[in-house]
Amino acid sequence: MLNYALAFLLIAIIAGVLGFGVVAGTAALFARVLFLIFLVLFVVSLLRGKKPSA
């Protein structure tokens, strides 16, 4: 998930430099959404974690 977010961020940066504003904005939006999903899943996995056995 994080790899996809970074890929879309790279696409957004390249498109922004080349002057493709709509493509850059869309790619940046996808990168932001994917990163937020990654963060939520990461926090959930940290909270669930493995419980020590008694």
field: Members of the stretch 1-33 found to be over 27 Å from Ser45 (Cα atoms) and touching a residue at least 24 places away in the same chain (Cβ under 8 Å), listed by number
entry: none
query: So, in the stretch 1-51, of the ones that are part of a helix (DSSP H, G or I) and of a type in the set (Lys, Arg), which residue ends up farthest from the chain's Cα centre (by Cα)?
result: Arg48
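Bear in mind these aren't lab numbers, they're just calculated from the coordinates by the rules spelled out. Given the structure is predicted, the values throughout are model-derived calculations rather than measurements. For neighbour counting, all protein chains shown are included, and Cβ atoms are generated from backbone atoms with ideal geometry for every residue, glycine included.
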